[in-house]
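Visitor: Encoded as structure tokens, here's the structure I'll be asking about.
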Amino acid sequence: MKETSKFSSSFGTIVVIGGSVVGLGNIWRFPYIAGENGGGAFIAVYILTTLFIAVPLILCELSLGRKTQSDVFTAFVKMKSHKAWRLVGGISIFSALFIMSFYSVVAGWSFEFMIKSLSGDFVLSSATNVKSQLDSFVNTGYMPVAWALVYIGVTGGIVMMGVKRGIERLSKIMMPIFFVIILGLAIHSMTLPGVSEGLDFLFNPDFSKIDGSVILTAVGQAFFSLSIGLGAMVTYGAYVNNKANLKKLTLTIVLTDTLVAILAGLIIFPAIFTHGIDSSSGPELIYVTLPTVFGQMPGGMFISGLFFFLVFLAAITSSISLLELNVAFLINRTKLSRKKAVVLTSAVSALLATLCSLSLMDDSIYTIAGVPVFDFLDYITATYMLPISSIGFVLFMGWVANKTLREEILNYNINAPWWYRSFNFSVKYVLPIVLLLILING
Ligand code: TRP
């Protein structure tokens, strides 16, 4: 690796990796998915999936990255494995580019909604009115494209400054601000009249609601929320200090991610129940339902503005890792400098983001197989590409690089602790089968 940057402290490591996992997945996707799938029961399944499927997968990715000191593609080259394994890295690289493109569109909306909130556009608006404001914004075409480009520009600027001076330094500032805001908003929600209904919905599981599709949805959500299957953790794993305990790091990250998702739920559901709004309003939950709800509250303009700033902070630290994944790949595989690699990756992302954004307009011509480019990319990454590369990662670490996995996870200690055998068994046998079932069902 030409660039041998390492994160400078364990705090730095946690905020950067935490920044990658905490994102729109927690604040936008988790609340509406939990809302559609019955609340508490879904959350219980989600936590189990996270522990038994997500944790081992993250450990596989981090180990591969730290061992090879490489991006997700070069890692397979350095391990001197059969060339076919590089395909896994290749899929990850493309998935990151695809996710970056639709992610930037949704993240870009947060700028517009911050401004609209603060200028009072949502005060005492009905949901229909907010929805039509969102629709007409999207249908201008150029407005959301412009915001997505600004967003990609900011992301690129940070990545260009490098791993330590850009990514780590700014995450150290942004993540604490993020936590202060999310805690503040959650505490504010606890003062609303709908609080007991909201808490009941979140924490009182009705297990009769669990079926196969709820379980599959939970797995999908855990993958997305924890940035799994893209090799983001391989790329960041390369920057983790060699002495760090990967198991502890993974558990901290997973705990943080789940905590943030639950805090987002604590902000949103009491507010929704206070205003008698349907908890299963889908992807529009944060961009339609919330402005409506905040618009009814005294001082709601500011709360709403603050909320969309929170959405922006959550998203940007995730996009940084999506971009870095491609940038690290280009730096390692070509002669490009970091600066040129960032420009190239941002330009491609900008092009794809523009198509994604325009594809959401009414009667858009930007469709693939009859669906908007936006939905198409969202669908193929989540349904096929992420599960396929995840199967690749577990099979590789379970069967080809099993010794590396052991060395990295145990930090070269010879004595394996009690949990190691079941962990390794699960990586070798259980996870490939479970992931295959998920892929087939998808
Ligand atoms: N985890 C991010 C979120 O919760 C989204 C995401 C999915 C991601 N896969 C990723 C981010 C890979 C970075 C890298 O919003």
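Visitor: Quick one: the Cα spread of the range 323-442 along its three principal axes, in angstroms, biggest first?
Guide: For the range 323-442, the Cα spread along each principal axis is 60, 42, 19 Å.
Visitor: What percentage of the solvent-accessible surface of the chain, computed with a 1.4 Å probe over protein heavy atoms, is contributed by carbon and sulfur atoms? List each step's numbers first, then the result.
Guide: On the way: 11690 of 17290 Å².
Of all accessible area on the chain, carbon and sulfur atoms account for 68 percent.
Visitor: Let me ask something additional. Would you mind checking the radius of gyration and Dmax of the range 228-327 based on alpha-carbon positions, in Å?
Guide: For the range 228-327, the Cα-based Rg and Dmax read 17.6, 52 Å.
Visitor: Additional query: State the percent of C-alpha pairs, over all pairs in the range 107-161, separated by a distance greater than 19 angstrom. Don't jump to the answer; show the numbers that get you there.
Guide: On the way: 530 of 1485 pairs.
Counting every Cα pair in the range 107-161, those more than 19 Å apart make up 36 percent.
Visitor: Order 406-418, 185-197 from most to least packed using the mean count of other Cβ atoms within 10 Å. Each step should come with its number before you reach the end.
Guide: Working: 406-418: 13.3, 185-197: 15.5.
By packing density, highest mean first, the sequence is 185-197, 406-418.
Visitor: A further question follows. On average, how much accessible surface per residue is there in the chain, in Å², for a 1.4 Å probe, leaving out ligands, DNA and RNA?
Guide: Spelled out: the 1.4 Å probe surface of the chain, per residue, equals 39 Å².
Visitor: Sticking with this structure for a sec: Too long at a 28 Å Cα-Cα cut-off: which of Lys164/Lys247; Lys247/Lys340; Lys247/Lys335; Lys6/Lys248?
Guide: With Cα atoms farther than 28 Å apart: Lys247/Lys340; Lys247/Lys335.
Visitor: Would you compute, for the Cα atoms of the chain, the largest minus smallest coordinate along each principal axis and list the three values in descending order, in whole Å?
Guide: 63, 49, 44
Visitor: Next question, about the same structure. Calculate the translational D of the range 1-159 in whole µm² s⁻¹ from Stokes-Einstein, where the hydrodynamic radius comes from the Kirkwood formula applied to all Cα pairs, the temperature is 20 °C and the viscosity 1.002 mPa s.
Guide: Values: Rh = 19.3 Å.
Reported coefficient: 111 µm²/s.
The values are calculated or read from the model by the stated rules, or taken from the named source; none is laboratory data. A quick note: this is a predicted structure, and the numbers were derived from the prediction, not measured. Positions of Cβ are generated from backbone atoms using ideal geometry, with glycine treated the same way; all protein chains shown enter the neighbour counts. These area figures cover heavy atoms from the full protein model, side chains too; ligands, DNA and RNA do not enter into them. Shrake-Rupley method; radii C 1.70, N 1.55, O 1.52, S 1.80 Å.
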